[in-house]
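The values are calculated or read from the model by the stated rules, or taken from the named source; none is laboratory data. Fair warning: this is a prediction, and the values are worked out from it, not measured in the lab. As a convention, Cβ positions derive from the backbone with ideal geometry for all residues, glycine included, and neighbour counts pool all protein chains shown. Ligands, DNA and RNA are stripped out before the accessible areas are found, and what is left, the full protein with its side chains, is counted by its heavy atoms. Shrake-Rupley method; radii C 1.70, N 1.55, O 1.52, S 1.80 Å.
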Amino acid sequence: SLAHHATTSCFANRHPSPSSSGQLQLQISEQGIRGCKVATMVYHLQWKCFLALFFFVGSALQTASAFVPSSPTSRAISNHKAARRPSTSVISASPSGNDGTDEGVATNSNDPSLASNVRRALLASSLAALSYNAVTLGATALGPLPAGYERVSPLQFIAALGDPDASSGGGAERWGLWPTDPGPRGLRLREYERIESGDASAPSWLDAGDFFLDENAIIMPQPEFPLPPGKYLVTGARAVTTGLTIDEKGNWKLDSGKLYDVTHLPCRAARYRPANGENGSPSAVRRSDFPVVPGGVMPNVPGTEKEIYSVLFIVGKQSA
């Protein structure tokens, strides 16, 4: 039998003759190298599968939390279906009066189901972020970046304006950079209310006349403007990771894919500034409009003009 043959061969070679010892050592060395390669490939494959599963579970939790049944959330879902790929350079004005939302729902800031939805969305967002970081750390351990790039750690974030279906364009002088995650430093609306009432002091970065909101209605610090020219390795934590070139004239170009392909859809971001003759500020934000589903349209804030930004992850920068 094969088993008997293998056993016999194994034992027969335990005490080789001097003439065959060199050849045997070479065979053992080659077999050992092949065995190590196979073991390494299996180990890498196991890690990739585990990390991918971890990421998709986190993303699924975030999506599920955003779809908790409620009338405001249903409205957000309808908006998302109507515009699967919203333009990231749309500027819209929302009057301080009524923009089509039910004021009875909008002003009910103490709705317990809304608070529950926000808490679930915050938890799911954290899980999704941790999942992505796990995937990134796993990729770090499993292989180097493309030639010419140095790894960025911790992750950095680009706030980009442009056509989601474009792979190049201008206007990058209006793009910004968050060197660190702006979420943990942000303010929840209830914290902003305490600042307005004088019960808390405002952080140095807060500007009520020019503010950013994320998908959970957290007021974020502004990114640093403009994004410095250079070559970045960017991703949306989905299928595409590619190079992004920003030149001195404000032009941008992706090596492959479109802006949509490298946009992290669960991370929504919009900039709000007072409309002409209006006094829009974070105090006008309607809690019932949040959270925003992944890829959904950021809501209007009465009395402000809105610019929707795409969020890109920077995982590497071109070596000096």
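Of the residues making up the range 177-204, those that are under 21 Å from Phe290 (Cβ atoms) and open to solvent by 60 Å² or more (accessible area, probe 1.4 Å) are Asp181, Pro184, Arg185, Arg188, Arg190, Glu191, Glu193, Arg194, Glu196. Look at the range 200-211: where a residue is touching a residue at least 24 places away in the same chain (Cβ under 8 Å) and a partner is open to solvent by 30 Å² or more (accessible area, probe 1.4 Å) and assigned to a loop (DSSP other than H, G, I, E, B), sitting 6+ places away or on another chain with Cβ atoms under 9 Å, you get Ala208/Ala202; Gly209/Asn279; Asp210/Gln222; Phe211/Gln222. At least 2 residues being open to solvent by less than 40 Å² (accessible area, probe 1.4 Å), at pLDDT 95 or above and more than 24 Å from Pro154 (Cβ to Cβ) is the threshold, and among the strands (runs of 3 or more DSSP E) wholly inside the range 230-320 those reaching it are 304-318. The number of residues in the range 190-229 being of a type outside the set (Val, Ile, Thr) and either assigned to a loop (DSSP other than H, G, I, E, B) or over 21 Å from Tyr272 (Cβ atoms) (or both) comes to 25.
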